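Participant: Following this message is one structure expressed as structure tokens.
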Amino acid sequence: QGKSQASSCIVTYAAKSRMSGVRTGITTSKKIGCAVERNRAKRVIRAAFSLLEGRINGNYDIVFVARTKTSKVKMQQVYEQMEQHLKALGVID
């Protein structure tokens, strides 16, 4: 029922929701590295999403999956890829 987009840094899943507002989830696997790298990947994704959160139209459930490269790149690169994903999925304009 949902749709997905993938790139080198993140994978984004989005589905329409009946609940009001936007629910988000971030997941990282042990393949990414130790706890420090997994936590950095989550922080980078959270920071990028906070810049896009106000532009979301409607009610969605969104899940971001970190990839190995996520903990090694700047937040700006994750932001750009996340913005492309959300536009392609129709979540933002």
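The values are calculated or read from the model by the stated rules, or taken from the named source; none is laboratory data. Source: prediction; values computed, not measured. A quick note on method: Cβ atoms are made from the backbone with ideal geometry, for glycine too, and the neighbour counts reach across all protein chains shown. Ligands, DNA and RNA are excluded from the accessible area calculation, which covers all protein heavy atoms including side chains. Shrake-Rupley method; radii C 1.70, N 1.55, O 1.52, S 1.80 Å.
Participant: How far is helix 75-88 tilted, in degrees, relative to the longest principal axis of the Cα atoms in the chain, given as a value from 0 to 90 rounded to the nearest 10?
Facilitator: With both axes taken from Cα atoms, the answer is about 30 degrees.
Participant: So, counting K/R as plus one and D/E as minus one, what does the shell of residues with Cβ under 10 Å around Ser29 add up to?
Facilitator: Working: positive: Lys30, Lys31, Arg38, Arg67; negative: none.
Combined, the nearby Lys, Arg, Asp and Glu give +4.
Participant: Please report the carbon-and-sulfur percent of the accessible area for the chain; probe 1.4 Å, protein heavy atoms only, DNA, RNA and ligands left out.
Facilitator: Roughly 48 percent, rounded to a whole number.
Participant: Considering only Ala48, Ala15, Ala66, give the residue with the highest GNM mean-square fluctuation for the chain, with springs between Cα atoms whenever their separation is below 10 Å.
Facilitator: Fluctuation is largest for Ala15.
Participant: Using the charge dipole of segment 2-93 (Lys, Arg: +1 at Cβ; Asp, Glu: -1 at Cβ; taken about the Cα centre), state which of Gly58, Val91, Gly2 has its Cα farthest towards the positive end.
Facilitator: Looking along the dipole axis, the top candidate is Gly2.
Participant: Please compute the per residue accessible area over the chain with all protein chains in place, 1.4 Å probe, rounded to a whole number of Å².
Facilitator: Per residue, the chain has 59 Å² of solvent-accessible surface.
Participant: Pairs of lysine in the chain with Cα under 18 Å and at least 8 positions apart or on different chains: total?
Facilitator: Eligible lysine pairs with Cα atoms under 18 Å apart amount to 12.
Participant: Only Lys, Arg, Asp and Glu count, each charged at its Cβ (+1, +1, -1, -1), so figure out the dipole size of the chain about its Cα centre, rounded to 20 debye.
Facilitator: 380
Participant: Show that you can apply the helix-only estimate: for the chain, add -39,500 (n - 2.57) for every DSSP H stretch of four or more residues, divide by all residues, and state [θ] at 222 nm to the nearest 500. It would help to have the intermediate numbers written out before the result.
Facilitator: Working: 2 runs with 32 residues, N = 93.
-11500 deg cm²/dmol, from helical runs alone.
Participant: For the chain, set up a Gaussian network in which alpha carbons nearer than 10 Å are linked by springs, and say which option among Thr70, Thr27, Thr12 fluctuates the most.
Facilitator: Thr27
Participant: As an exercise, find the ratio Rg/Rh for the chain from alpha-carbon atoms, using the Kirkwood inverse-distance average for Rh.
Facilitator: Dividing the radius of gyration by the Kirkwood radius yields 0.96.
Participant: Tally Lys/Arg at +1 and Asp/Glu at -1 over every other residue whose Cβ is under 11 Å from the Cβ of Val73; what's the total?
Facilitator: Residues close to Val73 contribute a combined charge of +4.
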